[in-house]
Amino acid sequence: MSNPKFRTMGKQFGRRSWAEPWKIKMVEPIKMTSRDDRLKSLQEAGYNTFLLHSEDVYIDLLTDSGTSAMSDRQWAGMMLGDEAYAGSRNFYHLEEAVQKYYGYRYLVPTHQGRGAEHLISRTLIKPGHYVPANMYFTTTRLHQELAGGTFVDVIIDEAHDPANEHPFKGNVSLEKLEALIKRVGADNIPYVSLAGTVNMAGGQPVSMANVRALRGLCDRYGIPIYLDATRMMENAFFIQEREEGYQDKSIATILKEFCSFTDGAWMSAKKDHLVNIGGWLAVNDGDLFDELRNLVVVYEGLHTYGGMAGRDMEALAIGIGEAVEDDHIRARVEQVRYLGTLLTDWEIPIVKPIGGHAIFLDAKSFYSHIPQSQFPSQTLAAELYLDSGIRSMERGTVSAGRDPETGDHRYPSLELTRLTIPRRVYTQAHMDVVAESVKAVYDARGEARGLKMVYEPRYLRFFQARFEPLA
Ligand SMILES: *Cc1c(COP(=O)(O)O)cnc(C)c1O
């Protein structure tokens, strides 16, 4: 930036763009299909994008989970897998990376995030407990409920309004939390379940000030804080960008400071850590660690691999170091923003501010004529696929599931369709194609009809439910 020649160029062209801090070394062909093909595929998939064959998808924005492109260094690491049953060298590399960047003392490897959620929920939650959280995540809440806990949403009200531009919509409402503590008693709250960049709120961050204050409140009542660190890198980026005093701090420094206010974390490494499989649970409490290390053997694998191959752990250890690089995370978030800005320029309703990993289309206002009982978000995901072969995901009534007490649908305030951007996979040209398809579907929105659910599995129904179009 200090090179005077570049400064002049910047002035001359009136803009300075960011770019990905990598170039492409290997490519995977993708194919465009015809509308007839897509209709057939969609019918076979019961109008659920989770049930499509990936081969029939053109641009796959279903999820950023396990869909990242690995670097040449990570691929080289795959060749260094130490596949010993016990004490693999790669485990120690992973342990070192987690200790270095997150600062927690003890590490338990798991096959992916929900393996870690299972272990921590089972160990800490007893029937009758309440688990406060800054909005729910599907697998997280289910494990908490299966362990006998009652989930309580304590996110700030702004998070439930898709148009509200609060810079830290992931924040915990300390008033809501304290009211809960007073109502049920601190003894009935095993921990606060805190998520960095809240997925279901639209990828919205938690501020450093909020986690610091949360720590203060929890200390007064003796309640631990466990962090869903799945997308903490993006959270750290938003703190750097938006919070007073953090502009000159690195992502790595911010991440470690944030984690220092918590007692441990679980991780879906399939997201932030740029690998296709993996997860972990890390804690500071030695007694808790002993229990977790024992339980992991029952459900995941020995405590030095937890369901991962040695090579997976090596790629993961390297991925952690790459994920905290400022250039990487900036390019990641800016690409999401690029897509979001195209859409807002066309006045297409999306959750704002634009989040860290995905664009969330506001299906409630997109299809204001379709009631939530007819699944507008699911309908939008189906229509997008039909239009262009782009795969998105429902994050509305289907994902919210049924209330365990009443058995009724839970109608969430946010009825969203998520366009999730895999890390280091698609180019800006792909984002243009996506934006134009969303625009085409938006222009034809009046013709869309809702769906009815014709098959509903018992757990996490959004993965396998089937639908038919309403006449
Ligand atoms: C994906 C995810 C999980 C679950 O992790 P898996 O690796 O898919 O099992 C938990 N929390 C959040 C926020 C996630 O995005």
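Every number here is computed from the coordinates shown, using simple stated rules; none is lab data. All figures in this text were calculated on a predicted structure; none of them were measured in a lab. Because the Cβ atoms are built from the backbone with ideal geometry, glycine has one as well, and the counts that use them run over all protein chains shown.
If N is the number of residues in region 23-114, what value comes out of its Cα radius of gyration divided by 2.2 N^0.38 Å?
Against the compact-globule rule of thumb, the ratio is 1.58.
At q = 0.11 Å⁻¹, what log₁₀ I(q)/I(0) does region 147-232 have when each alpha carbon counts as one equal point scatterer in the Debye sum?
Those come out to -0.29, one per q.
If only Cα atoms are counted, what is the Rg of region 72-323, and what is its Dmax, in Å?
Rg and Dmax of region 72-323, Cα atoms, are 17.5, 54 Å.
Note down the relative contact order for region 72-323 as a percent, whole number, built from C-alpha pairs under 8 angstrom at least six residues apart.
Here the relative contact order equals 33 percent.
Cα to Cα, under 18 Å, and not fewer than 8 places away if on the same chain: which aspartates and glutamates meet these conditions relative to Lys352?
Candidates past the 8-residue exclusion: Asp157, Glu158, Asp161, Glu165, Glu234, Glu241, Glu243, Glu334, Asp362, Glu394, Glu415.
Amide H to amide H under 5 Å from Ile59: which residues, 5+ apart in sequence or cross-chain, H placed 1.01 Å off N in plane?
Excluding prolines and chain starts, which carry no amide H, the hits are Ile390, Arg391.
Hey, any idea what Rg/Rh is for region 300-447, computing Rh the Kirkwood way over Cα pairs?
1.06
Using the number of other C-beta atoms within 10 angstrom as an exposure proxy, rank Asp64, Asp37 with the fewest first.
Asp37, Asp64
Which translational diffusion coefficient, to the nearest whole µm²/s, is obtained for region 192-318 from the Stokes-Einstein equation, given a Kirkwood hydrodynamic radius over C-alpha pairs, 10 °C and 1.306 mPa s?
101 µm²/s
Dividing the Cα radius of gyration by the Kirkwood radius, what Rg/Rh value follows for the chain?
0.96
Name the longest site-free stretch of the chain, where the excluded sites are GluC sites (Glu not before Pro) in a DSSP loop with no more than 11 other beta-carbon atoms within 10 Å.
In the chain, the maximal stretch lacking such sites is 245-346.
Given the DSSP H assignment, sum -39500 (n - 2.57) over each helix run of at least 4 residues in the chain and divide by its residue total; what's the result at 222 nm in deg cm²/dmol, nearest 500?
Value at 222 nm, helices only, nearest 500: -12500 deg cm²/dmol.
For region 270-348 and region 84-160, what is the separation of their C-alpha centers, rounded to whole Å?
That distance is 12 Å.
Could you give the DSSP H helices of the chain that reach 27 angstrom or more along their long axis (alpha carbon positions) and whose average Kyte-Doolittle hydropathy is no lower than -1.0?
326-345
Which chymotrypsin sites (Phe, Trp or Tyr not before Pro) from region 390-471 combine a DSSP loop assignment with at most 12 other Cβ atoms within 10 Å?
Of the chymotrypsin sites (Phe, Trp or Tyr not before Pro), the ones in loops of region 390-471 whose Cβ has at most 12 other Cβ atoms within 10 Å are Tyr459.
Show the residues, 5+ positions off or on another chain, whose built amide H is closer than 5 Å to the amide H of Phe467.
Tyr47, Asn48, Val454
Using θ = phi - 60° and the Karplus curve 6.51 cos²θ - 1.76 cosθ + 1.60, what whole-Hz ³J(HN,Hα) does each residue of region 393-409 get, with Gly and Pro shown as x?
These are the phi-based 3J(HN,Hα) values: 9, 6, 9, x, 4, 5, 5, 5, x, 10, 5, x, 7, 8, x, 7, 3 Hz.
Which net charge results for the neighbourhood of Tyr221, defined as the other residues with beta-carbon distances under 11 angstrom from its beta-carbon, given Lys and Arg at +1 and Asp and Glu at -1?
-1
Quick one: give the max-minus-min coordinate of the C-alpha atoms of region 357-426 along each principal axis, largest first, in Å.
Projected onto its principal axes, the Cα set of region 357-426 covers 43, 26, 17 Å.
With only Lys, Arg, Asp and Glu charged, each at its Cβ (+1 for the first two, -1 for the last two), find how big the charge dipole of the chain is about the Cα centre; round to the nearest 20 debye.
Computed charge dipole of the chain: roughly 520 debye.
DSSP beta bridges in region 72-323, what fraction antiparallel, as a percent rounded to 5?
Percentage antiparallel, nearest 5: 50.
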